[in-house]
Each structure stands twice: as C-alpha cells, then as structure tokens.
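Undergrad: Here it is, the structure in full.
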Amino acid sequence: MRNTFGQRILFLFFVLFGLMFGSVSSVWASPTTSALPEGIVGAVCIIRHDNKVVMISEVITEKLALPGGYIDSGYNAPQTAIQEALEETGLHVHVDKFLQYRGRAAIYACVANDPIPVTEFKTKSGFTAVASWSSAHFGKEVKQVYLINPFKVDSKNYRYPDDIALLKKWLQQTPNSAVTYYHNLSQEVNPLHRWELSQMLTFQHWVDGLPSWQQTLFSSWMTVTNLPGEYGFIFTVLFGCLIAFGPVSFLRLSTVMLSVTMVASIIKLTIASPRPFYIIPALQKVAASGYGFPSGHTLMALVLWSFIGIQVYRYIKVHNPSAQLTRWRVGIISTVVLFSLSQAVARVWYGVHFISDTVASLVIGSVMIAGFTLWINLDKHNLTRCMTNKWFWLNVTVAFGLIAGTTQAPDHIYLFSCVLAIFLINDYVPRQYQRLNLRYLLGLITCLLIGCSVILYSGYMLINLSNVSLIVLAIRSITIVVLITWILGCSSWFYRHTCSSSAHVQQAN
C-alpha cells in the first residue's frame, strides 16, 4: 500500500513537471525548413545603432543575450527572428540579410521599423535601457532590454561569450537603426499615473531640498523599512524563526511568505503595469525589474509585521494574562502601521512604485491578514495543524504546480520547488517543540550554515556550466528543493533528538 501511494505521488510530480516544461518541448523537436542546414533550430536578430547593439537581460540565466529563440512550427528562420525580437524587446523589425550560422542558430541583420525608444539616463546597471515593458515576454523571460556597447561588458555577463569575437563583424554588416532618446513618456500612461508621476517628482525634489543631515536620516529610515522585501532579510527572519521556535513555526512563517509572493507575482503578470522609472528614468534610485503593480515589498511588509504582531499578542495573552492587553494591542497595531506605511513611502520615493501600487498592496495585505487571522483561530484545521499535515501540503503543491504550468513564469516554478520540498520532508518534521540546549543549538546553527553554503555554492557552480535556459531553470529548482529539504531535515533531526533525550530522562526519573 505504501509503495502504491509513493508511485502515485511520483507520477503526479512527473505530470506537474511535464506541465511546467511542456511549452519548451519545441527546444528538442523544432522543425527546420528545407533552406536550413540540419541541426539549425533557432534564429537571432542583430539590431544595431552606431557601435551599440540591442540586448536583453534574461530572467532565468541573469545574463545578457541577443534577442532570438527557437523556430516553431509554421515559421521559417527569418520570421522567427522578427517574431522573437518583437516578443522580447517590443521592437518591430525587418530582416535585412542573413549573416551566418552560429552553433544551432541562424544570425540575421535586422533593422527597426521605427526609432528605438532609449532612455537619456543610464540605469543602475550602467546601461541605457530600451522602453520595452509592453513586450510579450517582459517580466517573465526578459528582465530588461538595453542598448549596449558589447565590447565594454565583461564576457562573463554574456550568455554566449563566444559571440563577442563575432559581434564586430556582425555589427559592420548590420544597417543602422534610428533611435529616439526620451526622459519622460508620461503621455503614454493613464491620467492617474500622470498625476502620480508629478507628485513623485515633487516629493523627490522636496527631499533633495532638505538639509544634508535630514536627508541622511530620511534615507537611512527608508533603507531600514525597505528590508522586508529583500531576500537577505527574509532568509534571516526565517532562519531566526527556525532556530528560536522550531520547524513548525518556520513552516507557519514560510506559508505566509510563500502566499504573499505568489499572490503578488500573479497580479503583477496579470495587470502588467509599468514601474514609474520606466516612464521617467530620472525617478529611479534603486534597482528593480519586472512589473510594478502591486508593490511586493509593501505587501510583504504589511503581512509579515502583522503576522509577527499577531503571534506576539497571542503569546502575551497566554503567558501573561494580567498584562494590559489593550495597550499591547494598540502598541502592536501602531508599530505595524508605522513600518508598513514607511515601506510604502520608501517604494514611492525610490521611484519603483506608483502611489496606487502601494495603496493596493496595503488593501490586499489587509485582506490576507484577515484571512490568516481567521485561519489561526480555527479549532480543527487551524494554521498550526496544517503545517504538519502532509495532505495539506500535497494540495498546496498541486495548486502551485498548476499555476506554474499555466504561467510558465520562473518565479512560480521556484515557488513550486519550495512547497514540493516541504511536502517531501513533512513527515519527518517533529509535531512537538522542545527548546534546544546550548550545545544542540550551536550544532544546529553550524550544520545549517555549512550545509546551506555547500548546496548554494554547488548550485552556483553547476549553473555556470550551462547557458541553456531550461537546464539553468532545472538546476535552480533542484537547488531550492535540496536546500529546503536540508534546512527542514537537519533542524528536525536536532529537535527530534532533543525530544527523544527529554523523554528518556523523564522515564529514568
């Protein structure tokens, strides 16, 4: 019976992975036209302006690449080059001539039909950006589009470093495309965003006019309150929760963060609203990519601080009944509101979110907090009990897998990997919490740090061995599964051993 159940589970996950990667099956079975040599399955566009070339920054590999892709059924190589350029950069181009074959791809000289819209300012990456947020793959496969002098970029930042030696020849043979430099595209957005842009400019100018010490104080406060949306801060909070309160508390907090991340990501891809600095580049103060609505940082801050506040209040209510609960409630709510609103202000001041993005995040976050509060207070299927229920995690895994299979977004595949790992290791998580003594605590911290470092470094090294997006995506996903399995497995072993030792001591007494 156990083997049958295991086989069914394995079959289920093979189906889910098939759903996720089904859209890229053409990579291995792309038809070639009779005019193409055998083995040519892709087409690439070279779009030049002076000594610069249009390149995309990829979401999966996090490297620069020329616009292009695999030849799908019904398309020939030149049509594919044109279509991929449109989907990845938002530029309408035509093929001027064939340049050469490189590997399994046909390289074409392309010319933009209209002037390429390029920012007058360099982004935080040091490149001039192309206005491309309306392209089909933006935010999902493409992080940003740039107009770059390819010979001034380190070869390790290229997805295909061997192209560098060929780019000079390709650029010489590619006709020049016209560009138009912009500093303000507010006429292309709705009236609400235009009003918000004017208010954001006024706000930034007002802050810039403050005395230097006040600017430093304001900037420091914005940096601190912006932390909840940063990966390093989230990992630190989760790590601290695991060490201090055990695996079940870690799972509770992880559930909150995974839910917030998935909700924000789905809405971003659905609404596809640009960030303010895409419209007015001078607004940008920190690096950001993808779509802006809603503000993931603001949503995470509100839900995270509220969830922590709820747990603190419940702890005080249980362990100190004589405490002035009304004062505690007011203090906790005031703290949550202060940090959440400060986070919203920070995202607006940084120029990465509209005011409406943050307001919507506060509304969505309030709804999510209400839902989590109801869930926490349920009698039978409350949040804590669900954390050690394998069927609950099976349902979550299936749901995340279906979402990932539908959207094909890398972020959703990574989130699916997270819940898959939790599902696989859930049976081993101890149901009871036992505080660790100092020796076990130091041992747990040491094992976690060493194990996580080895796993992350191994994943990093494996990723650098391949420039194929599908392989990189698979390596990242597997690394996440192994990492979370190690974190939960290692910590569960220590807590299980502590509980077992305590039980033996009690029996001996």
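Undergrad: Please find, among Phe392, Phe307, Phe293, Phe372, the residue that is in a loop (DSSP other than H, G, I, E, B) and at pLDDT below 95. Give the steps one after another, and end with the answer.
TA: Working: Phe392 fails: in a loop (DSSP other than H, G, I, E, B); Phe307 fails: in a loop (DSSP other than H, G, I, E, B); Phe372 fails: in a loop (DSSP other than H, G, I, E, B).
One residue alone meets the criteria, Phe293.
Undergrad: Would you tally the residues in segment 137-169 being in a loop (DSSP other than H, G, I, E, B) and surrounded by fewer than 15 Cβ atoms within 10 Å (Cβ to Cβ)?
TA: The number of residues fulfilling the criteria is 2.
Undergrad: When the residues of segment 310-348 are filtered to those that are of a type in the set (S, T, N, Q) and part of a helix (DSSP H, G or I), which remaining residue is nearest to the chain's Cα centre (by Cα)?
TA: Gln343
Undergrad: Further question: Looking at the structure I just gave you, is Val237 closer than 30 Å to Gln434 by Cβ, crowded, with 16+ Cβ neighbours inside 10 Å and at pLDDT 90 or above? Even if it seems obvious, please write down each step before you answer.
TA: Details: closer than 30 Å to Gln434 by Cβ: yes; crowded, with 16+ Cβ neighbours inside 10 Å: yes; at pLDDT 90 or above: yes.
It is true that Val237 is closer than 30 Å to Gln434 by Cβ, crowded, with 16+ Cβ neighbours inside 10 Å and at pLDDT 90 or above.
Undergrad: Can you name every residue in segment 319-350 that is of a type in the set (A, V, I, L, M), farther than 30 Å from Pro281 by Cβ and either surrounded by 14 or more Cβ atoms within 10 Å (Cβ to Cβ) or touching an Asp or Glu at 6+ places or on another chain (Cβ under 8 Å) (or both)?
TA: Hits for segment 319-350 are Ile332, Val336, Val337.
So that you can scan it fast, the table gives a plain yes or no per residue for (1) in a loop (DSSP other than H, G, I, E, B); (2) among the polar types (S, T, N, Q); (3) at pLDDT 90 or above:
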| position | (1), (2), (3) |
| --- | --- |
| Ser458 | no, yes, yes |
| Leu462 | no, no, yes |
| Ser477 | no, yes, yes |
| Leu483 | no, no, yes |
| Thr498 | no, yes, no |
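Undergrad: Could you list, in sequence order, the residues of segment 170-195 that are assigned to a helix (DSSP H, G or I) and either at positive phi or surrounded by fewer than 12 Cβ atoms within 10 Å (Cβ to Cβ) (or both)?
TA: Selection gives Gln172, Gln187, Pro191, Leu192.
Undergrad: Yes or no: Gly401 out of contact with any strand residue (DSSP E or B) (no Cβ under 6 Å at 6 or more places or on another chain), crowded, with 20+ Cβ neighbours inside 10 Å and of a type outside the set (Ser, Thr, Tyr)?
TA: Answer is yes for this residue.
Undergrad: Answer with yes or no whether Ser453 is more than 22 Å from Met262 (Cα to Cα), under 24 Å from the mean Cα position of the chain (by Cα) and part of a helix (DSSP H, G or I). Lay out the reasoning, then the answer.
TA: On the way: more than 22 Å from Met262 (Cα to Cα): yes; under 24 Å from the mean Cα position of the chain (by Cα): yes; part of a helix (DSSP H, G or I): yes.
Judged against the criteria, Ser453 is a match.
The values are calculated or read from the model by the stated rules, or taken from the named source; none is laboratory data. Predicted model only: the values in this text are computed from it and were never measured. Cβ coordinates were reconstructed from backbone atoms using ideal geometry, including for glycine residues, and neighbour counts include every protein chain displayed.
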